[in-house]
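The values are calculated or read from the model by the stated rules, or taken from the named source; none is laboratory data. Not measured: the values here are computed from a predicted model. Cβ placement follows ideal geometry from the backbone for every residue including glycine, while neighbour counts extend to all protein chains displayed. SASA here: full protein model, heavy atoms, side chains in, ligands and nucleic acids out. Shrake-Rupley method; radii C 1.70, N 1.55, O 1.52, S 1.80 Å.
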Amino acid sequence: MAETAASPLPRFLRGIGIRQVRLATGLILFAYLISHFTNHALGNISLSAMDDALVYHMLFWQSWPVLIVFYGAVLTHLGLGIWALYARRQFRWTAIELTQLVFGLSIPAFVIGHLVGVRIAAPLFGHEKDYPQVFFAYWVFRPHLKWMMYAVLLVSWVHGCIGIYFWARTKPYFRKISSLLLALAVIMPTVSLLGLYQAGRTVERASTAPEWRADNLSRDKVGTSADQAVLERIISTMLYGYFGLIGLTLAARGVRALVERRRGLVRLSYGNGKTVRIPIGLSVLEASTRFNIPHSSVCGGRARCSTCRIRVIGDCSALPEPSNRETFVLERVGAGHDPAIRLACQLRPRTDVSFFQIFPAHTSASSAATIKPALPGRERYLVSMFVDMRGSTKLAEQLLPFDTVFIINRFLTAVSQAVVECGGQPNQFVGDGQLALFGLSTNPQTACRQAIEAASRIAIHVDALNEFLGNDVPEPLRFGIGIHGGEVIIGDIGSEEHTVFTALGDSVNVAARLQDMTKALSCEVVVSGDVLKTAHVSVGDLPQIEVPIRGRVEPLIVYTVKKAGMLSDMVADFAVAAA
C-alpha cells in the first residue's frame with residue numbers, strides 16, 4: 001500500500017492505453033457537443049439569443065490552445081476509431097456495440113459538408129457565416145439539408161451517450177446517477193432540436209423580406225456561385241477520401257487474415273474439454289466470442305475490468321509479455337505478481353495454451369428473461385473479516401442437532417449484529433463461520449476502523465450470549481477473528497440458476513488464513529499490519545509477528561490480540577457507528 005501511494009503518477013501512466021486515449025478524446029468531443037446543444041436550445045427563446053451565446057461559444061472553442069486540443073482530439077478519435085475497426089477480429093456485436101460503430105463511422109460523412117461550408121469557407125474565401133446564413137441554406141435554399149442536420153446531431157449524441165455508458169457502467173456511483181444521466185440524455189437533444197426548429201422557422205419567415213436578404217445574404221457572407229462550386233469539389237474529394245479510407249481498412253483486414261492463416265493456428269484449451277484453433281493474433285476473449293463460448297467480460301473487452309481473467313495451466317514462459325494496461329489492471333486486483341493470471345481480452349497467444357476461466361460466464365441471452373440480472377463486478381478496497389466459532393464439533397456431539405443449530409444461529413446473529421452496528425455487511429455464512437465486508441460505501445481508513453471496532457463489539461455480544469445461554473451449553477462459546485484489507489472484485493458470483501453477492505481477491509483469502517492462525521497463536525484476533533496502518537491507530541504493546549502466507553513470497557506482518565475486547569481501547573478516539 002505504501003509503495004502504491006508513493007508512486008501514483010507512474011502507476012497511472014502505466015494504465016494508459018489506446019482505449020483510454022480514445023475515451024479522453026471522446027469526452028472532449030462530447031463536451032463540445034454539449035456546448036453546441038446548449039447553444040441550439042436558446043433558439044426556443046430567440047434567434048438573437050442564439051447569436052449572442054455563439055459569441056461566447058466561439059470565444060472559448062476557437063481560442064488557440066482549445067482549438068489545438070479540439071482538432072487534435074477530432075483527428076485522434078477518428079484515427080483510433082478506424083484503427084479499432086481494423087484491429088477487431090470478429091464482427092459479433094451486441095446491438096448497442098453495432099449501433100455505436102455504425103453511428104461513429106457515419107458522423108464524418110455527415111459533418112464534412114457543414115465543416116467545409118462554414119469552417120473552411122471562412123479562411124478560403126472570407127465568408128462570414130453565422131446562424132442566419134446556415135439556417136437559410138438548410139431551411140430555405142436546400143430544405144432537405146435540415147433533416148441531415150437533425151440526423152447528424154442525433155447520431156453524434158447517441159454515439160457519445162453509448163460511449164459514456166460503456167465507460168461509466170462499471171463505476172461504483174453509476175447506479176446512483178443512472179436515472180439522472182438517462183433524463184439528461186433524453187431532455188438535452190429534445191430541447192436542442194426544438195430550438196433549431198424554432199430558429200429555422202424564424203429565418204424561413206424573415207427571408208421573404210428583401211431587407212433581410214440584403215443584410216444576411218451579401219457576397220461577403222455567403223460568397224458566389226463560383227465559390228460554392230469550389231466548396232462542392234472539396235466536399236466530394238473529402239467524402240471520396242473518407243470512404244476510400246474505410247475501404248482500405250477493410251481490405252487490410254482481409255490481407256491480415258490471409259497472412260495470419262499462413263503463419264499457422266494455435267490451440268486454446270479451456271480446461272473443461274473445449275478446444276478451439278485460432279489464428280495467431282487473436283485474443284483469448286475474441287476466440288471465445290468467435291466460437292460462442294461463454295466468457296465473462298463486464299467492460300466488453302476494453303481492459304477496464306478484470307472479469308475476463310484466466311489462469312494459464314502449465315508453462316507461462318512462451319506467453320507474450322503483458323501490455324502496460326494489462327499490468328495496470330492486474331496490479332489493481334493484486335494479481336500482478338502471478339504470471340499465470342492474464343486478461344483474456346489482452347492475451348494474444350503465439351503458441352498452444354491451456355487455461356481455465358476464473359469468473360463464471362455471464363447469463364446467456366436465452367435465460368436472461370427467467371434469471372435475475374447479475375450485478376457486474378467492480379474493483380474496490382475492502383476490509384475482510386472472517387469470524388469462526390470454536391468447538392462447534394464438540395458442541396454437536398453433546399447436544400441435539402436442533403439445539404446445535406439454534407446455538408450456532410444465535411452466535412452468527414450476535415456476530416452479524418456487531419458487524420452491522422459498525423457499518424459492515426455480513427456476506428457469507430459457511431457452517432459456523434462468517435465473512436463480513438467493510439468499505440462497500442466508505443473510504444479505506446473508515447473501513448479499517450469499522451472492522452477493528454466490530455471485532456471488539458463481537459466480544460461484547462458473544463459475552464452477552466454466553467450469559468444468556470448459561471448452563472445450556474457445556475462451555476462458553478469462543479471464536480477466532482482474522483482481519484485483512486486490500487483491492488478485491490465485488491459482484492454477483494455463481495451459476496446461471498443461483499448467484500450470490502460476494503468479494504473475491506487475495507485479501508479475502510489472507511483474512512481466512514489469519515483466522516485459522518488464531519488457534520495456533522492462542523488469541524482471539526489476528527489483524528494485519530496494513531489494516532492498522534491504514535486505520536491510523538496506535539498499536540500500543542500488541543505483539544507483532546511475521547507469518548508466512550501460502551501463495552505469497554514475502555511474509556506478512558500481523559498483530560495478535562489475546563482478547564478481542566482489548567481493541568475497544570484502540571478505537572475509543574473515533575466513532576465508527578453505521579449511521
Helix 174-206 axis, angle to the chain major axis (alpha carbon atoms, nearest 10°): 10
Region 113-222, accessible surface, carbon-and-sulfur percent (1.4 angstrom probe): 65
Report, to the nearest 10°, how far helix 64-87 tilts away from the longest principal axis of the Cα atoms in the chain, using its own Cα long axis and a range of 0 to 90°. 70
Given axes a ≥ b ≥ c from the Cα gyration tensor, I'd like to know whether region 18-255 is rounded (a/c under 1.5), prolate (a/b larger than b/c) or oblate. oblate
Relative contact order [Cα under 8 Å, 6+ residues apart], the chain, whole percent: 12
Please work through the chain and write down the cysteines that have no neighbouring cysteine Cβ at a distance under 4.7 Å. CYS161, CYS308, CYS316, CYS345, CYS422, CYS448, CYS523
Just to be sure I follow the definition: excluding the sites themselves, where is the longest run in the chain that has none of the chymotrypsin sites (Phe, Trp or Tyr not before Pro) in a DSSP loop with at most 12 other Cβ atoms within 10 Å? 174-579
Given the -39500 (n - 2.57) contribution per DSSP H run of 4+ residues, what per-residue ellipticity at 222 nm results for the chain, rounded to the nearest 500 deg cm²/dmol? -17500 deg cm²/dmol
So how exposed is ASP130, as accessible area in Å² (1.4 Å probe, rounded to 10)? 70
Whole number in Å², please: accessible area per residue of the chain, 1.4 Å probe, ligands, DNA and RNA not counted. 51
Angle in degrees between helix 506-520 and the longest Cα principal axis of the chain, rounded to the nearest 10: 10
Candidate aspartates and glutamates for bridging to LYS146, where Cα separation is under 16 Å - those fewer than 8 sequence places away on the same chain excluded: ASP130, GLU204
Protein accessible area in region 265-357, 1.4 Å probe - carbon and sulfur %: 47
Accessible-area ranking of VAL473, VAL102, largest first, probe 1.4 Å: VAL102, VAL473
From most to least accessible, 1.4 Å probe, no ligand or DNA/RNA atoms counted, ILE280, ILE16, ILE490 line up as ILE16, ILE280, ILE490
Which entries in LYS394/LYS562; LYS176/LYS563; LYS129/LYS171; LYS171/LYS533 show an alpha-carbon gap greater than 32 Å? LYS176/LYS563; LYS129/LYS171
